[in-house]
1. Taking θ = phi - 60°, what integer Hz values does the Karplus form 6.51 cos²θ - 1.76 cosθ + 1.60 yield along segment B:253-268, in sequence order, with x for Gly and Pro?
2. Can you give the FRET efficiency to the nearest 0.05 for A:Val53 and B:Glu225, using r as the Cβ-Cβ distance and R₀ = 51 Å?
3. Please give the FRET efficiency for A:Leu292 paired with B:Leu175, using the beta carbon to beta carbon distance and R0 = 56 Å, rounded to the nearest 0.05.
4. Between B:Thr35 and B:Gln156, what length in nm is gained on full extension when 0.36 nm per residue of separation is reduced by their alpha carbon distance?
5. Explain nothing, just compute: Karplus ³J(HN,Hα) = 6.51 cos²θ - 1.76 cosθ + 1.60, θ = phi - 60°, for every residue of segment A:249-256 in order, whole Hz, x for Gly and Pro.
6. So, with +1 on the Cβ of K and R and -1 on the Cβ of D and E, and no other charges, what is the size of the charge dipole of the protein assembly as shown about its Cα centre, to the nearest 20 debye?
7. Given a Förster radius of 41 Å and the C-beta distance between B:Arg357 and A:Cys162 as r, what FRET efficiency does 1/(1 + (r/R0)^6) yield to the nearest 0.05?
8. Averaged over its residues, how many other protein chain Cβ atoms are within 10 Å of peptide B:393-399's Cβ atoms?
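The values are calculated or read from the model by the stated rules, or taken from the named source; none is laboratory data. It should be emphasised that the depicted structure is a prediction, and the values quoted were computed from it without experimental measurement. Note: ideal-geometry Cβ built from the backbone for every residue, glycine included; neighbour counts use all protein chains shown. Please note that ligands, DNA and RNA were not included when accessible areas were found on the heavy atoms of the full protein model with its side chains. Shrake-Rupley method; radii C 1.70, N 1.55, O 1.52, S 1.80 Å.
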Amino acid sequence: MNVCTMNTGNDKRAYSPDGMQEGSPYAVGIDIGSTCAKTIVMDRKGTIVYRNVRPTGWSSVETAEAIRQDLLANPRLKDLGCSLPRGGEDQGPVLRCVATGYGRISVPYADKCVTEISCHAKGAVHLFGSPDLNVIDIGGQDTKLIVIDNSMVAEFVMNDKCSAGTGRFLEIMANSLSVTPAELCEMASRGKETHISSLCTVFAESEVINLIGRGTPREDIAYAVVDSIVQKVKAQSGKLSFGKGALCLTGGLCDFAYFREMLGRTFRGEVLTSPDARFAGAVGAALYALALDVRL
Amino acid sequence: MADYVKMWEDLGMDLETHDLLCQVLPTAVGDVFMTQENRPKAMDFWDLVISEVHGIRPAELIEEQKKGRKVFGTFCVFVPDEVIVAANGIVTGLCGGSQFWVPGGEAVLPKNTCPLIKASVGARLGRTCPFFRIADVYVGETTCDGKKKAYEILGQDVPMLIMDVPQMKRPKDILKWKDEIAEFAEKVEEITGNRITVENLKEAIRIINEKRKALKRVYEARKSECLPISGRDSLLMTQISFFDDPERCAQMCNRLADELEERIRDGVSVVPAGTKRILLTGTPLAVPNWKLHNIIETSGAAVVCEEMCTGTRYFENLVDDSGETLEELFMALSERYMKNNCACFTPNPGRIEDIIRLAREYKADGVIDCSLKFCGLYDIEKKSVAEALKAEGIPVLSLETDYEDSDAGQLRTRIEAFVEMLNER
Ligand code: SF4
Ligand code: SF4
């Protein structure tokens, strides 16, 4: 049964005979990553109607609560009188909600937790409109590579404990050069080929400091930093076999054109991205949430 | 709980530090085992043993020592228990499976040594494990580099025998291992003061074969679609079988197998139908290392088989006891032990064949290949394992971990994602 209950202003909850609530107009996906928490609200057609990013901060529990407040305060949802699962508000249809990301268990109002691997895969298939993809997701603390075959995860790898090759690494390096990560990537495009040998963040940082001390142009150092992330991703990709689909980049680094270019050069192909690529996990979570309302 | 303080004191243990270990273990046992529902009743034996793991069995060993028997501590399934048992010696496993002992090991070993080695050395030097104190002699073996060098350090503190395990499996290597066993037998005779004869060696072979058959019966039950026992409980049984008296071990395993077979007849399963079945392969899981099993089994899957030394490699293949001379029996032992497909061999195609065969026999939906951090042998072999499994269409997840809890979240994410992937297939 797939009952889509469209609500007018004063509509109250719609209940199915078994007492379970059926189809709410929107579904929520929340991706609590190590640095940023992304929220997506999607209508039943899969159109994104709301997106939000906020820093995760120290406590995922507090972040989850802040997200709930944001959602409830959103005019579109407010007008419908929607509420969140176990949110306490007894008004309007309950939005289905799926949480993902490393803070997924800290969302008390989520119906379900799904790992970021599955969510990223589902989100990427949706965003890029293709059932076969090779996804590179560079997050704050981890980098994931996912091979998607026929809309299903065929293989994946995640980096180990070390933050080399992650967004965090870029941030640390940008800090030592006193620029933002975006500026660093832009600078890198004007840099000469330079390399840092170490794949460990701590050692790489001291190598960068060495380069600064030697008076190496900042552009070249920026090049070396971007190159080191790309090389780390490349090394990781050796642990799986990419499928026939296109290569796409999701996560925080997807907006940096030069980074994409370097990645493309290394992997010998075009690297797709989408304006919503950093929301891929949340998009996937929202799709899982939508599916919760579909009972066959 | 009986009072073992006096015994520990007599063993020269560091009681204060040991107290700390005694405090954490019950919580770990409670969290990992007692939270499970519908456990086989016959697990009561292993629950008891683990609840007083530093008490019951050590006390028994000391009683036997008073009668003049010698205790041999071993670190590897290559050491032939039969030879020791034939000479009326006792074998006890000595593998360190707890983070508790790692810092002690790191005090004398490089940090980038595998945690199994660091914990084993730490348990001895820190004087916080009765088994490590009780053993009259340790038996090491030349399997991996880390162990070889660690035995030199342990050898400064305790009598040590080293067996030279071949690194290849040519016919001449099997002969060489037979000679090594024969030489080992002489040393065991010296230490125990007992002669090894065709009769007592045959009897020892029979005893250890019975133990293998009993363990195998439990594992056979795990092949059923109606899974009668969790991976955690099976692992506990296997781990403790390294410490227990072999005859009692066989008896208890058979008792458990009886119950499991009955459960299968009655359709009693410990997991809901459709729960994904995982075969775990890789480095051994020494007590109290239950980390992976616990994460897997609280992520919506069940471990149905372990292709590792704390698993199938411990009991697969019986020793032929038809020989009529010591020479023939030693050869039979060599042939059986050399069937172990440890990653220390090159080349090692047998392990991959085993994994594929076992994955089919145990109807595994996926394989998790996990090695201990800094174990180069198993880590390097992961690639060929993954490729071979992929070629067979068997999903595989490769992991690396140590004894710390700090990576539990990351492991859980990978394992949950793997289970989600299996569920969507
Ligand atoms: S993994 Fe190899 S070295 Fe370790 S116990 Fe097994 S056979 Fe021995
Ligand atoms: S896990 Fe690897 S490194 Fe550690 S003792 Fe066993 S073979 Fe050696």
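1. After applying 6.51 cos²θ - 1.76 cosθ + 1.60, I find 5, 5, 4, 5, 4, 4, 5, 5, 5, 5, 4, 5, 4, 8, x, 8 Hz.
2. Working: r = 46 Å, r/R0 = 0.90.
So the FRET efficiency works out to roughly 0.65.
3. Details: r = 64 Å, r/R0 = 1.15.
With R0 = 56 Å, the Cβ-Cβ based efficiency is 0.30.
4. On the way: separation 121, 0.36 × 121 = 43.56 nm, distance 4.26 nm.
Once the chain is fully extended between B:Thr35 and B:Gln156, it gains 39.3 nm.
5. 10, 10, x, x, 8, 5, 7, 8
6. On the way: 85 positive and 104 negative charges, 352 e Å.
So the magnitude is around 1680 debye.
7. Numbers: r = 36 Å, r/R0 = 0.88.
Given R0 = 41 Å and the Cβ-Cβ separation, E is 0.70.
8. Working: counts 0, 0, 3, 1, 3, 3, 2.
Going residue by residue through B:393-399 and averaging, the value is 2.
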